[in-house]
Structures are given as structure tokens and as C-alpha cells.
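In what follows, a structure is listed as C-alpha cells, so that the remarks can point back to it.
What follows is calculated from the coordinates using simple rules that are stated; it is not laboratory data. In this text, all values refer to a predicted model and were calculated from it rather than measured experimentally. Virtual Cβ from ideal backbone geometry, glycine too; neighbours counted across all protein chains shown.
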Amino acid sequence: MQKGAIGRRGSSGSGRVAIRAAGLAVVLWMLPVGALAAEEPRWVGGDLTLNVRTGPGTRYRIIAQVPTGEGVTLLEEHDGWARVRLPNGREGWMPSSYLGPTPPPRRRLALLEAEVNELRERAERAEAELSSLREIRAELEQQNAEQARELEALRTRNRDLEAGARWPYLISGAAILATGMLAGAILRGVRGRRQPRIRL
């Protein structure tokens with residue numbers, strides 16, 4: 001009896017799992033195609049203005065209009081209709097056949113012109129910064145040259161001062177030497193006079 005009970009419990013448990021799996025499959029099948037897709041950018045192509053509606057069909061109310069070249073965000077697709085988010089944040093439906101992954105030529109040209117203008121402005125700013133850096137470098141080089149000249153002048157003055165400071169010592173030494181020599185000569189003369197001369 002226990003084996004039979006275990007068998008019945010196992011079959012009922014697997015039956016519940018099967019029912020849950022079938023329910024999940026039905027829910028996923030009922031979801032529109034692309035509902036689980038990530039948001040993607042799209043562009044309105046052709047020379048026209050598309051109506052944005054509250055639902056996926058012409059019977060739904062128009063809530064906005066999107067001109068050619070306008071960018072929208074694709075949220076999902078269902079039966080030839082796409083739910084999109086407009087640049088102002090509103091959401092609605094429009095025919096998916098008019099939406100492309102790249103902007104139309106006219107819009108691409110405008111984007112490229114804007115990009116070129118931005119690059120040109122960046123180049124002008126970089127050129128201005130480079131010119132400013134060159135001026136700063138020239139000023140620094142001039143200051144460096146002036147400081148080098150001042151340093152050389154200080155070295156020359158220091159050499160002159162050192163040479164001028166040596167002259168008193170040299171003069172004093174020469175005077176002392178001359179005085180000593182003179183004193184020696186005088187002493188020799190005095191001594192020579194005092195000694196008696198011997199005649200043979």
C-alpha cells in the first residue's frame with residue numbers, strides 16, 4: 001500500500017509540473033513577437049509623416065505624428081505594427097515597415113554636418129589652446145634667458161668682489177715684506193758701523 005501511495009504522489013507531482021510548463025508555454029505564445037526584445041533605436045524612412053496611434057491598428061486614436069528622419073525607440077513589434085517611444089517620452093504604435101535601423105540619407109547628411117561642425121569647433125579650441133601654450137612657452141623661455149643673464153652678471157660681480165677683497169691682503173703682505181726688508185737692511189747697516197775694523 002505504501003508503494004501505491006508513493007506512485008500516486010509521484011504521478012500527481014509530475015502532472016503538476018507538466019501543467020505549469022504548459023501554462024507558461026501558453027503565456028509565452030500569447031505574448032506579441034518582439035515583446036521581450038531590448039529597446040532599439042529606429043528611424044522613420046521615406047518622405048512622409050507617420051501617425052502614432054494608441055494601439056496596433058488604424059482603428060486606434062492618433063496621438064502624435066512623426067516626420068521623416070525622426071528617431072524613435074523601438075519597444076516591441078506585433079503584426080506589422082511597432083510600439084515606439086518618441087523623443088518627448090510618449091509611447092504609441094506605428095507601422096513597422098516604415099522604420100529602419102539607420103537614418104535616411106537626408107537625416108544622415110544632417111547628422112554628418114553636425115558632427116563635422118563639432119569636430120571643427122574642437123579643432124579650433126585645440127588650436128587656440130596650442131597657441132596659448134606656445135605663448136606661455138615663449139614667455140618662459142624669455143624669463144629663462146633673463147634669469148641666465150642675471151646669473152652671469154651675479155657671477156661676474158662675485159668674481160670682481162673676490163678679486164677686490166684679495167687686494168688689501170696682497171698690499172698688506174707686500175707692505176709687511178717691504179718693512180721687514182727695510183728693517184733688515186737698517187739693522188745690518190747699524191751693526192756694520194759698530195764693529196771695529198781690523199787692519200793688517
Interchain or long-range residues, amide H under 5 Å from residue 82's placed H: 94, 96
By average C-beta atoms within 10 angstrom, highest first, the peptides 75-84, 174-183: 75-84, 174-183
Amide H contacts of residue 63 (H built 1.01 Å from N, under 5 Å, at least 5 apart or other chain): 52, 53, 54
Taking the convex hull of Cα positions in region 40-103, its mean projected area over all directions (nm²): 3.7 nm²
